[in-house]
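Trainee: A single structure is presented below for examination.
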Ligand code: SF4
Ligand code: SF4
C-alpha cells in the first residue's frame with residue numbers, strides 16, 4: 001500500500017474554480033510538485049514552508065469522515081501535483097465504493113492510470129508567466145486517455161502572452177471543454193477589499209479578451225470564487 | 001411564422017450564472033412574463049417600462065450576426081419567460097442549423113416542445129420570497145420530458161424559508177443537477193462597491209447553509225458573476 005503525503009484535509013466547502021465551480025466538496029491537498037510556478041498560490045506544498053503527513057488511503061477516508069460527517073459526497077484532490085502519487089488510486093477506489101465522487105487538478109506532466117477513475121479531471125497547463133515550459137508530448141497522453149465527459153482544460157491568464165498560450169492549448173485539444181481563469185497576482189495580501197476589486201477588474205479584462213477572440217467562442221471565463229469570498233485565507 | 005417580442009439583443013459577453021456560468025454567449029431577451037416576482041431583476045420585460053419589437057426568427061438571427069459577427073457560437077434566450085413564445089422553436093432550429101448552441105431559462109410554468117432542442121435548459125422555480133406559488137404538476141412535466149444532460153434546476157435564495165423550498169425542489173427532482181443562487185436584494189442600486197460586498201457576504205451565508213445541509217451534498221452554490229463585475233447595469 002502506497003502512502004500519500006497529505007498537507008491538509010478540510011471542508012465541506014465549495015470548489016471555487018473550474019469545471020465544477022460552486023460544487024460542495026471536501027479537499028485533500030497533497031504535498032510535492034514537479035513545477036515551481038512563479039505565482040503558485042500553494043507553494044507551501046513544495047517549498048519547505050509546510051509539512052505533510054504520510055497517510056494511507058484508509059486513514060484519509062477516515063479523516064474525511066471525521067471532519068465532514070455525512071455532509072459531503074464529493075472530494076477534490078489538489079496539490080501540489082497529485083499525479084505524483086501512486087497511492088491515490090486506492091483512495092479513489094475507496095471513495096468510489098462509498099458512492100463519493102472525486103475531482104483532481106494536475107498540470108499534466110505525469111500520467112497515472114487512476115486518473116481515468118476520477119469524476120472531474122482538470123488539466124491545467126501553465127502559461128509562460130509561470131516560468132515553466134509545457135511538454136506537449138506529455139499533455140497529448142492525457143488527451144488520448146481521458147474522456148471528454150470527465151475532463152476539462154484550464155489555463156490561468158495573467159497577461160496577453162498567457163492569453164495567446166491559452167488559445168494555442170484550446171486549439172490543440174479542441175475536444176476538451178476549455179476554461180480561462182483570472183490569475184491572482186497577490187496571493188499573500190490580507191487586504192481583502194483591494195484584492196476583490198483588483199480581481200474583478202482583471203476578470204473583466206479577461207472577459208473582454210475572450211469576447212474579442214473567435215478561438216474562444218466555446219470557452220468559459222471564470223474567477224476564483226473562494227478568493228473573492230475569503231481572500232487568500234487557507235483551509236476554506 | 002410566429003413572431004417573437006424581443007426586448008434586447010446583446011453580446012457577446014459571458015453567462016453570469018447557473019449551469020453554464022462563465023460561458024461566452026449572446027443574449028436575446030424576450031418580453032412578457034406570467035409571473036410578477038417581487039424581486040424580479042428584469043421587470044422591464046413585463047411591467048410596461050420597457051418596449052419590445054416583434055421579430056421573426058430570421059430577423060433575430062440576422063441581428064445576432066450583425067452584432068456578434070463570428071465571435072459567438074452560443075445564444076442564451078432569456079426573459080421574461082421565453083417559454084411563452086411559440087416562435088422560439090424556429091429560432092432554435094435556425095441557430096442549430098448554423099452550429100450555434102442555445103440556452104434558455106424559464107420558471108417552468110408553460111411547456112413548449114422546442115425546449116427539448118435547447119442545449120442548456122435552466123428551470124428556475126421561484127421560492128416563497130418571490131410572492132409566487134409553484135404549480136408542481138406543471139414542473140413535473142419538465143422533469144418527464146427533458147433529459148438530465150441538458151437540464152438543471154436553479155433556485156434563487158434570499159432567506160431560510162427560500163432555502164427550505166430549495167431543499168424540497170432538489171429532493172423532488174433528484175436527477176436534475178441542482179444550483180443554488182444568491183439573491184440580489186437591490187436590483188436598482190448604482191453603488192457597485194457596496195453591492196459587491198453585500199453580495200459576497202450573502203454568498204458566504206448561502207455556502208454555509210449548503211455546507212450544513214446533507215440534502216445539498218450534490219448541489220452547486222453560485223453568485224451572479226455579471227452583477228459582481230458590472231453591478232445592475234443592463235446589456236452587458
Ligand atoms: S503546478 Fe500548481 S502546485 Fe505546482 S508550482 Fe505550479 S501552481 Fe504550484
Ligand atoms: S419569472 Fe423571472 S422574469 Fe418573470 S417575474 Fe419572476 S424573475 Fe421576473
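Trainee: For segment A:209-236, enumerate the residues that are surrounded by fewer than 16 Cβ atoms within 10 Å (Cβ to Cβ), within 11 Å of chain B (Cβ to nearest Cβ) and assigned to a loop (DSSP other than H, G, I, E, B).
Mentor: A:218, A:236
Trainee: Hey, another quick one. Would it be correct to say that residue B:197 is away from ligand 2 (no atom under 16 Å from the Cβ) and either over 16 Å from the mean Cα position of the chain (by Cα) or touching a residue at least 12 places away in the same chain (Cβ under 8 Å) (or both)?
Mentor: Answer is yes for this residue.
Here is a yes/no grid of residues against (1) over 30 Å from residue B:129 (Cα atoms); (2) within 16 Å of ligand 1 (Cβ to nearest atom); (3) surrounded by fewer than 16 Cβ atoms within 10 Å (Cβ to Cβ):
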{"position": "B:45", "(1), (2), (3)": "no, no, no"}
{"position": "B:50", "(1), (2), (3)": "no, no, no"}
{"position": "B:53", "(1), (2), (3)": "yes, no, yes"}
{"position": "B:66", "(1), (2), (3)": "yes, no, yes"}
{"position": "B:69", "(1), (2), (3)": "yes, no, yes"}
{"position": "B:72", "(1), (2), (3)": "yes, no, no"}
{"position": "B:77", "(1), (2), (3)": "no, no, no"}
{"position": "B:80", "(1), (2), (3)": "no, no, no"}
{"position": "B:87", "(1), (2), (3)": "yes, no, no"}
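Trainee: Further question: Is it the case that segment B:127-147 has a residue that's under 16 Å from the mean Cα position of the chain (by Cα), within 14 Å of chain A (Cβ to nearest Cβ) and buried (at least 16 other Cβ atoms within 10 Å of the Cβ)?
Mentor: No, every residue in segment B:127-147 fails to be under 16 Å from the mean Cα position of the chain (by Cα), within 14 Å of chain A (Cβ to nearest Cβ) and buried (at least 16 other Cβ atoms within 10 Å of the Cβ).
Trainee: Here is a follow-up. If you go through segment A:13-59 one residue at a time, how many are within 14 Å of chain B (Cβ to nearest Cβ) and farther than 18 Å from residue A:91 by Cα?
Mentor: Residues in segment A:13-59 being within 14 Å of chain B (Cβ to nearest Cβ) and farther than 18 Å from residue A:91 by Cα: 12 in total.
Trainee: Here is a follow-up. For residue B:176, only one of the following conditions fails: (1) in contact with a helix residue (DSSP H, G or I) (Cβ under 8 Å, 6 or more places away or on another chain); (2) closer than 20 Å to residue A:73 by Cα; (3) in a helix (DSSP H, G or I). What is its number?
Mentor: Failed condition: (3).
Trainee: Go through segment A:178-208 and count every residue that is touching a strand residue (DSSP E or B) at 6+ places or on another chain (Cβ under 8 Å) and either within 8 Å of chain B (Cβ to nearest Cβ) or crowded, with 20+ Cβ neighbours inside 10 Å (or both).
Mentor: Summing the residues that are touching a strand residue (DSSP E or B) at 6+ places or on another chain (Cβ under 8 Å) and either within 8 Å of chain B (Cβ to nearest Cβ) or crowded, with 20+ Cβ neighbours inside 10 Å (or both) in segment A:178-208 gives 10.
Trainee: Scanning segment A:80-107 for residues that are under 15 Å from the mean Cα position of the chain (by Cα) and without any contact (Cβ under 8 Å) to a residue 60 or more places away in the chain, which turns out nearest to residue B:217 (Cα to Cα)?
Mentor: Filtering segment A:80-107 for residues that are under 15 Å from the mean Cα position of the chain (by Cα) and without any contact (Cβ under 8 Å) to a residue 60 or more places away in the chain, the one nearest to residue B:217 (Cα to Cα) comes out as A:102.
Trainee: Is it fair to say residue B:167 is in contact with a helix residue (DSSP H, G or I) (Cβ under 9 Å, 6 or more places away or on another chain), more than 14 Å from every other protein chain (Cβ to nearest Cβ) and outside any strand (DSSP E or B)?
Mentor: Answer is no for this residue.
Trainee: Kindly evaluate residue B:7 against the criterion of being within 20 Å of residue B:181 (Cβ to Cβ), more than 16 Å from ligand 1 (Cβ to nearest atom), touching a strand residue (DSSP E or B) at 6+ places or on another chain (Cβ under 6 Å) and outside any loop (DSSP other than H, G, I, E, B).
Mentor: Taking the combined requirement at face value, the residue does not satisfy it.
We did not get these values from a lab; they are worked out from the coordinates using the rules stated. Since the structure is predicted, the reported quantities are computational estimates derived from the model, not experimental observations. Cβ sites come from the backbone with ideal geometry, for glycine too, and all protein chains shown count toward neighbours.
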